[in-house]
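Asker: Right, I'll just put the structure down here and ask away after.
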């Protein structure tokens, strides 16, 4: 097992989150009238976890499996480019604050004054030259890394607000979400056959790029910024199927592959340190660490506590195949795949992304805690 470098204990309200379970009545029962907090807009950056259609602005391309039915059918009735059966987390946050669903930033002729989504499927934190330097350039097919997404946002700013003072005022009353970033930075080398020892050396570079991105947004006027960690990748059926082991000691008590979850935890430890340092530097800014890892793990351990019935099994995929209904040659949206009739009972949608029901619960956990420190609603 890879030995994770010891990380110093983290203060400034970033201690390990309480593993309390969100009650079964999690359906965003907190209403806007119960809080005075509001935002004029939400601006989101990230990858397929939060993309709302940047690869489908002119219609979803035929090669994009996430652009085919049954994606999107639980809420929109059609695929929208969201990697879920319906809404994703940022949709629930927008609806909670009475804002429109975030339009993809690549959409022409759209009003972005109440929000925009720069996230795009396949996005990495690091730029292409980083992957080229490690012989992984051919593994990166997307041209929307973090730096580019921030450039997209800066290009939108003249249409969002006027002069510098107007922009500072507007952005100070907006909620920014930066991530999650990191998942695809690790997917590429793992799928490319790199050793975990080598991949661990990438993590500090990824964290530095994320914290640099946060600083850039702060410089533009952001005041409230949510920075999510990565998910427990060792718990996703794609990994469990491709890298399954006959040695039970390779799995933790939740049935997840420990070596991959160790990598996720290492990323999250360094990210929390980075956020802590930024918070000390920018006293007037509120940085919030959103703990995807702990909440998804809790949902696996006790799905019923979150209104779900199934943890590791895939809703949309190769029904009845393997231990998780997952087959990499018959992924959701591909010939030979099918979707369950009750996605509201599932945590996992397609083997690597979550269901609308899961994202609804996570949104609640970010708004009220305990899975966001500090909680968005303070």
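Asker: Kirkwood hydrodynamic radius for the range 68-205: how many Å is it when counted over pairs of different Cα atoms? All intermediate terms of the calculation are to be shown ahead of the outcome.
Answerer: Working: mean 1/r = 0.0587 Å⁻¹.
By the Kirkwood definition, the hydrodynamic radius is 17.0 Å.
Asker: Find how many whole Å separate the alpha carbon centroid of the range 256-288 from the alpha carbon centroid of the range 308-330.
Answerer: 31
Asker: Something else: How much length, in nm to one decimal, is gained on full extension between residue 281 and residue 73, taken as 0.36 nm per residue of separation minus their Cα-Cα distance?
Answerer: On the way: separation 208, 0.36 × 208 = 74.88 nm, distance 4.45 nm.
Value of the extension gain: 70.4 nm.
Asker: Shifting gears a bit: Starting from the coordinates of the alpha-carbon atoms of the range 128-217, obtain the Kirkwood hydrodynamic radius over all distinct pairs and give the value in Å to one decimal.
Answerer: Values: mean 1/r = 0.0667 Å⁻¹.
Taking the inverse mean of 1/r over all distinct Cα pairs, the range 128-217 comes out at 15.0 Å.
Asker: Express the C-alpha Rg of the range 37-297 as a ratio against the empirical globular expectation 2.2 N^0.38 Å, rounded to two decimals.
Answerer: Values: Rg = 18.3 Å, N = 261, 2.2 N^0.38 = 18.2 Å.
Rg over 2.2 N^0.38 Å, computed on Cα atoms: 1.01.
Asker: Related question: Defining a contact as two alpha carbons under 8 Å apart and six or more residues distant in sequence, what relative contact order in percent does the range 96-231 show?
Answerer: Details: 160 pairs, mean separation 37.7, N = 136.
Taking the mean separation of contacting Cα pairs over the length of the range 96-231, I get 28 percent.
Asker: Separate question: Under a point spin-label approximation (7 Å from Cα along Cα-to-Cβ), what is the residue 259-residue 159 distance to one decimal in nm?
Answerer: 4.7
Asker: When every alpha-carbon pair in the range 121-272 is counted, what percent end up more than 23 Å apart?
Answerer: Values: 5062 of 11476 pairs.
Across the range 121-272, Cα pairs with separations above 23 Å total 44 percent.
Asker: Whole-Å semi-axes of the range 202-291's equivalent ellipsoid, largest first, each the root of 5 times a Cα gyration tensor eigenvalue?
Answerer: For the range 202-291, the semi-axes come out at 33, 11, 11 Å.
Asker: Could you tell me what percent of the DSSP beta bridges with both partners in the range 37-297 are antiparallel, to the nearest 5? Could the numbers behind the result be given before it?
Answerer: Numbers: 1 of 18 bridges.
In the range 37-297, DSSP labels about 5 percent of beta bridges as antiparallel.
Asker: Here is a further query. Given the rule -39500 (n - 2.57) for each run of at least 4 DSSP H residues, summed and divided by the residues of the chain, what is its mean residue ellipticity at 222 nm, to the nearest 500 deg cm²/dmol?
Answerer: Details: 10 runs with 125 residues, N = 378.
Computed mean residue ellipticity for the chain: -10500 deg cm²/dmol.
Asker: Report relative contact order for the chain in percent, whole number only (criteria: Cα-Cα under 8 Å, sequence separation at least 6). Intermediate results must be reported in sequence, preceding the final value.
Answerer: Working: 739 pairs, mean separation 79.1, N = 378.
Reported relative contact order: 21 percent.
Asker: What is the packing order of peptides 59-66, 332-339, 228-235, taking the mean over residues of other C-beta atoms within 10 Å and listing the highest first?
Answerer: 228-235, 332-339, 59-66
Asker: Pulled fully out, how much extra length does the chain show between residue 252 and residue 208, if you take 0.36 nm times their separation in residues and subtract their Cα-Cα distance? Before the final figure, lay out each step's value.
Answerer: Working: separation 44, 0.36 × 44 = 15.84 nm, distance 2.96 nm.
Extending this stretch completely gives an extra 12.9 nm.
Values in this text are rule-based calculations from the coordinates and carry no lab data. What you are looking at is a predicted structure, and each value in this text was computed from that prediction instead of being measured. So basically every Cβ, Gly included, is an ideal-geometry build from the backbone, and we count neighbours across all protein chains shown.
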